[in-house]
Every structure is written in structure tokens, then in C-alpha cells.
Amino acid sequence: MKRRSALSALVLPLLLAACTGTEDTTPTLTLALLTNGGTTLRTLTPAEDTAASPLTDVASQTVSGGVSLDTLPSGRRFALTLTGGLESRDAKLNAAAFGALPFTPCLRQTATSAARDRLLTLSECEGGPQRLALYRDDGTLIWTALLPTFLPVMDPDAPPTRLAVIRDALEGRDVAVVTRPRLGGGSEVLRAAPLRTGDPVAEVSVPLPVAAVRDLAPYGSQILAATDSGVQPLRTTGEPDAAAAIKAFGTERYDRLWTGTAGSRTLVAAWAHNTAASGPLLLWDGARATAATVTSFVSDLRDVTITPDGLLYTLTATTLTRYDTVYGLAQGNWRTRTVLSTLNDARSVTWLLP
């Protein structure tokens, strides 16, 4: 058996065959890439050893206003966020549009639930209000919401607007969470949910002032926040809970968060954006006392995706790089491979099952 497979079999039971004493391999997943400033959508299959073998292109297509990519629950389709609406795509880029919105969309970002079965998207046209739309993964529109007036903050270090969606187990409803910069410093958090199941319009809470929240990511039944003093879960009311911070990340500032499931583990990646020096990309498996350092970036980390077979991909404007989390977490050897190094203004990356 290959050495990677021997390690992987302990943590990746969903994708690897049982050990039989003969050589087995990890299935190669397909990647979807959004490049050229959001105008080129591409799917490809990386080789096992990208340093020695070529990539296999699956499909490529020109799109208009591409924003981001998110894998859907089946693993065989992904959501493409365009400024003009959401679409579901397969590896060959066959498209199915999501339900039409009752307003002119200018989509800026999309967040998925931990199970990837809910997609929350934010629309904000130039000079217009911020609006939310919540979809099921089959493209059905569940509800929309109009957010209170937002006054832009000019501070270049102000926290950005971020989204998350979580299932309220007690009330059995989907709750949207929005954090956005607040005049005077820090962030404000808003929660949106329908008063009654089936309502097409959600009620939005009064903005609640909180410490700066720089990113959000789903983590099981929680939402994690990247803050200036560590990675902290949100309370049910929306505030970061400093007392419950993930100790493995310490009390440093983090600007970006990503989560992903590899086998039976949910991994958390956190990055500190630093324009003056390299900021480390850290990875935590839910068990380690200290998050492991994968690599460092100065300022140009665009996206990260964690695949079910235990690989982590980082995307900058020009380069897609692969890291092996199984070896990395176990031995400190991330088996780094450059997948592509000639990209132009790349924006987003996600994975598809073979």
C-alpha cells in the first residue's frame, strides 16, 4: 500500500478503499476555478504529482461577473455566484439557474451552511441598499430580507462585510448572520430569519455593536469568527464569545477563515493578512493543542478549499498550490505542489467529486 494511503485510511474512510495489502490510490478530485477577474470558469483534474505530470482540463467557459464558487451537498455540482444571480454547474459546466429574485441583483458574496444545503447571498447595487437572499441547494428561493441602511466606513483597516447561515435547532429555522463595519470602530452584527416558517420575507434584528469581526465560517452547529484576538464562536445573539475562543489559534488577529471536511474531521484554516510581512496560514483539526503552520502569504491569498481526500488548495492571483493535510498534520511534511502558476487575477476555487 502507498504510504499516503496507509495514513489516509485512518482519517479518510469515505474515499479510500480498505487496505488489502495491494497498492491503492486516493481518488483525484476535480477542481473548479474562477480566473481572469471573474470572467473565466474552468474545471480541471490535477495529476497525482503535478510537478511531473500535466493537468487534465475538463471544461472552460467565459462568464460575466463571476464572484465565487461553492461546492453543493452532492459534491458533483457547485454554485457559481455571478453579480446577476446564482447558478448550479457540473464538472462540464452545464448550468441550471437558481430561482429569480424579486429585486435587481448585484450579488457581492455568498456563504454556505456547514452542510452546504443552504446558500446565503448578499446583493448591493451601487448606491442601493443591502439585501439578503437565502436559497436551498436545489435553487429554490426560501426568503429575502432588506438590511437597515449601511453607512460605508472609510478606514482602510475596517472589518469587511461577511455572511454566515446556520440552522436554529430549537426553532427549526435558518438564521442568517451578517457582520459589517461600524462607524466609530468594530463591527455590527445583524440576524435575519422569518417569523413563521414559509414566510417569503425575513425579519432583521437591530444592529448590535461588537468587536471587529473580519471573517465568518460555519463549524458544525456553530459559526466561527476571525477577530483581532483569535478565532471565536458566535453566541446565539451574534457576539463573538471570547471566553470560548479556540485556544489552538492563540490570541492573534486573523482576517480570513475557511472550514472543510476531510474524512471524519472538520478542519479550520485561519490566515492573518499582513501587508508588511508574511502572515501564516494555520490549520487545526479539532484535536491539536496548537494549530499547525501550513505556509505564509504576504497579502495575496484569495481563497482556500479543503477537499474530502485531505488536500488543501490555496489560490493567489497567479498561483494554485496543493498541500497534503494528512502528512502535514501527522509529520509536518505538507508535500507542497504547485498546480498552476500562470493564472491571471484568480478569484475562487472549489472541488467536485470524480
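What to note about this one:
- Pairing residues of region 94-115 that are on the phi < 0 side of the Ramachandran plot with residues that are among the polar types (S, T, N, Q) and assigned to a loop (DSSP other than H, G, I, E, B), at Cβ distances under 6 Å and at least 6 apart in sequence or on separate chains, gives Gly99/Thr140; Cys106/Thr83; Leu107/Thr83.
- For Thr227, the stated conditions hold: it is under 25 Å from Leu282 (Cα atoms), in contact (Cβ under 8 Å) with a residue 12 or more places away in the chain and open to solvent by less than 60 Å² (accessible area, probe 1.4 Å).
- Unique residue being in contact (Cβ under 8 Å) with a residue 60 or more places away in the chain and assigned to a strand (DSSP E or B) when the list is Thr321, Thr259: Thr259
- With respect to the conditions (1) open to solvent by 20 Å² or more (accessible area, probe 1.4 Å); (2) over 15 Å from Ala269 (Cβ atoms), Trp351 lacks only one, and its number is (2).
- Condition check for Leu283: in a loop (DSSP other than H, G, I, E, B), in contact with a strand residue (DSSP E or B) (Cβ under 8 Å, 6 or more places away or on another chain) and under 23 Å from Asp70 (Cα atoms): no
- Subset of region 263-279 that is within 21 Å of Val349 (Cα to Cα) and modelled with pLDDT under 95 - its residue that is most open to solvent (accessible area, probe 1.4 Å): His273
- Strands (runs of 3 or more DSSP E) within region 111-164 that include 2 or more residues in contact with a Ser or Thr (Cβ under 6 Å, 6 or more places away or on another chain): 118-124, 130-136
- Residue in region 103-119 that is small (Gly, Ala, Ser), open to solvent by less than 50 Å² (accessible area, probe 1.4 Å), under 28 Å from Thr39 (Cβ atoms) and under 18 Å from the mean Cα position of the chain (by Cα) present: yes
The values are calculated or read from the model by the stated rules, or taken from the named source; none is laboratory data. Just so you know, these numbers come straight off a predicted model, no measurement behind them. When we count neighbours, we look across all protein chains shown, and the Cβ atoms used for this are built from the backbone with ideal geometry, even at glycine. Ligands, DNA and RNA are stripped out before the accessible areas are found, and what is left, the full protein with its side chains, is counted by its heavy atoms. Shrake-Rupley method; radii C 1.70, N 1.55, O 1.52, S 1.80 Å.
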